[in-house]
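Read the structure below first, then the notes.
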Amino acid sequence: PSTFLIKFPQIINTIATNRHSSHSPNYHHRISLKAEGSLGTKVVNPNKQKPNQKSSQRSLCDEIRRLGAQKKWREVCRVIKDAQSKNIPLDIITYNTAITVMARCRRSSEAVELFQMCKSSGTRLINSTYNAVIDAHAKVGDHKRALECLRKMEMDGFKPNVISYSSAINACGASGQWKLAKELLDELQRKAIKPNIFVMNACMKVFAKAGVTEEAVLLLSRMKPPYPPPDIITYNCVLDACSKSRNVYTAREVFETMKANNVQPDVTSWTCLINALGRSNMLGKASQELEVMKNSGVKPNIITYNSLIAAHSNQNDLERCKSLMKEALDKELSPDIYTFNSMLHACIESGQYLEAENFLEEMTKRSIKPDMIAINCLVSTYGKAKKPNLAEKMLESVEKKWGLKVGLMAHNSLIDAYISAGEYSAYKNVLIRMEKEKIKPDLVTFNLILNACSKSKDFQEAE
C-alpha cells in the first residue's frame, strides 16, 4: 500500500500529460507561461517541446525527487527558481512533485505558492495537484484551508476523489475536528465515491484521537460489502478510542472480534487493550494481559510498559513502577520521557524526592531532556517532603540547564510546597517573581493563597 500511495500521483500525472491517453483532457492547446520579474512571457506548446527541453524537465523532476527524499525543501525552491531563470518551462509533473515535497516537509505556504505559480503559468492542473495542496494543509493541521482547497477544486471544475477526501479528513483529525471528518465521509458517500480502506482508516484515526468510541464502533459496523473490510489499522484505531474513553468492555469485544475475523492482534492492539484496563484501574487484569501477550509471541514495547507504569503511577505504587521499568530494561527497551514522567509522578504522594532526583539524573545520562511535566512532578515531590527551598532552587536552574520556561503550574506547585512546609507567607515572594516574569495568577493560585491565609489565620490578607 505504501508503494501504491507514492507511485499513484505519478501515474496520474503521466496519464494527464499524455495527449494520446483516453483518460486525460485534450492538451492540444497553447499554454502561456508567465514568469515573474524580468523573464517576460513565454508561449510554448507542451506537446511540441524540443527534445532538450523534455530532457531538462526530466532531470529537473528527478533532482526535486532526490532533494525531497532528503526533505531539503529550500533546495527544491532554489531549483525551481533556477529553472525559471534559465527559461526552462515547468510541466505539471514537475509542479506536482515540488508541491508534494512541500507537503511532506510540512511547508503549506510554499505548497500554495507553487500551486499559484503553476496556475498563473497556464499549466493545465489535474486532480493530484489539488490533492497535494490539501495534503500540505493536512500535514500542518490546517483543516480550514484544506476544506477551502477542496471546495475550490470543485469550483474550478474538478471532481474530488477518494484521495482528496482522505487528505481533508486527515486535516480535520490533526485539528481535532471529528464532526467535520464525519461530515466529509458522509459527503463522499452521497457523491457515490466508493471509499477505500485508506479513507475509512483516516476517519477512524480522527475518532480514535478524539476518543469518541461510539463513532468508531459505528463506523466499524458499517465496514461490510461494498465497503472495504477492516484491517489491523482499523481495529487498532477502535481499540485506541476505547482506551482513551476507558471503555474496557467494548475494547475487549473489539479485540475478540478482530481475532474471529482472522486479523491477528499486534503489539499496538495489545497495548491499547492493556492501556484501557490500566486507565480503568483494573491493574490486575492489565498485568494478566501482559503475560498473555508475551505467551502469544507478541513482544511488548516501551509503550506497552509505559501504559502499565502510568496506571500504577496514578495509584502511587512506586515499587511496582520500578519493577516494571526494570523488566523493560532487562528486555533492552529504552525508557523515554513518558516512562520517566510516570516514575516521577509516582514519587509525589510519598514525597520520595531522593528517588525523584535519581530519576532526573538517569534521564540526563540517557540524553533525555526533561519537560515541564517532569519539573512540576519534582517540585510537587519536594512539596510533599516539605522541602520548598529545594523546589525553589530547582526552578531557578531550569531555564539555564534545559532552556525551559517556568510557567504558571510550576509556580502554583511552589506555593503549595511552601504551604505544605508551613511557610504560609512565602507565597508573597512567589507572586513577586510571577509578576516579574509576567505570569498571571489563576483560580488555583488564589485558592492556594486563601488556604495559606486561612492556615496562618491572616483573615485581613485573605479579604
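The values are calculated or read from the model by the stated rules, or taken from the named source; none is laboratory data. Since the structure is predicted, the reported quantities are computational estimates derived from the model, not experimental observations. Note that each Cβ is placed from the backbone with ideal geometry, even for glycine, and that neighbours are counted across all protein chains shown. SASA here: full protein model, heavy atoms, side chains in, ligands and nucleic acids out. Shrake-Rupley method; radii C 1.70, N 1.55, O 1.52, S 1.80 Å.
Numerical summary
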| quantity | calculated |
| --- | --- |
| Dipole magnitude of the chain, debye to nearest 20 (Cβ charges: Lys/Arg +1, Asp/Glu -1, about Cα centre) | 2320 debye |
| Charge tally in the Cβ shell below 12 Å around Lys322, where Lys, Arg are +1 and Asp, Glu are -1, Lys322 excluded | -3 |
| With all protein chains modelled, accessible area of His411 [1.4 Å, Å²] | 0 Å² |
| Violating pairs (Cα-Cα greater than 27 angstrom) within the set Lys365/Lys400; Lys384/Lys405; Lys285/Lys322; Lys86/Lys152; Lys139/Lys285 | Lys86/Lys152; Lys139/Lys285 |
| Three-way shape label, the stretch 69-154, alpha-carbon gyration tensor, a/c 1.5 | oblate |
| Most to least accessible of Ile88, Ile126, Ile432 (protein chains only, probe 1.4 Å) | Ile432, Ile88, Ile126 |
| Accessible surface of Tyr130 - all protein chains present, 1.4 Å probe, nearest 10 Å² | 0 Å² |
| Calculated from backbone phi, Karplus (6.51, -1.76, 1.60) coupling profile of the stretch 451-463 in Hz, x at Gly/Pro | 5, 5, 5, 5, 5, 8, 6, 9, 6, 5, 5, 4, 5 |
| Alpha-carbon Rg with Dmax, taken over the stretch 172-319, Å | 16.1, 57 |
| Per residue, in Å², the accessible surface of the stretch 159-248 once ligands and nucleic acids are set aside, probe 1.4 Å | 43 Å² |
| Top positive-direction residue, dipole computed over the chain with Cβ charges, set Gly173, Cys61, Met343 | Cys61 |
| Extreme residue, positive dipole direction of the stretch 159-306, given options Asn201, Tyr235, Thr250 (C-beta unit charges) | Asn201 |
| Heavy atoms of Met434 accessible to a 1.4 Å probe, total area in Å² rounded to 10 | 0 Å² |
| Ile193/Ile232 FRET efficiency (R0 30 Å; Cβ-Cβ; nearest 0.05) | 0.75 |
| Accessible surface, 1.4 Å probe, highest first, among residues Phe198, Phe359, Phe158 | Phe198, Phe158, Phe359 |
| Cα-based Rg / Dmax (Å) for the chain | 28.6, 91 |
| Carbon + sulfur, % of accessible area of the stretch 325-463 - ligands and nucleic acids excluded, 1.4 Å | 51 percent |
| Charge dipole magnitude, Cβ of K and R +1, D and E -1 - the stretch 192-270, Cα centre, debye nearest 20 | 120 debye |
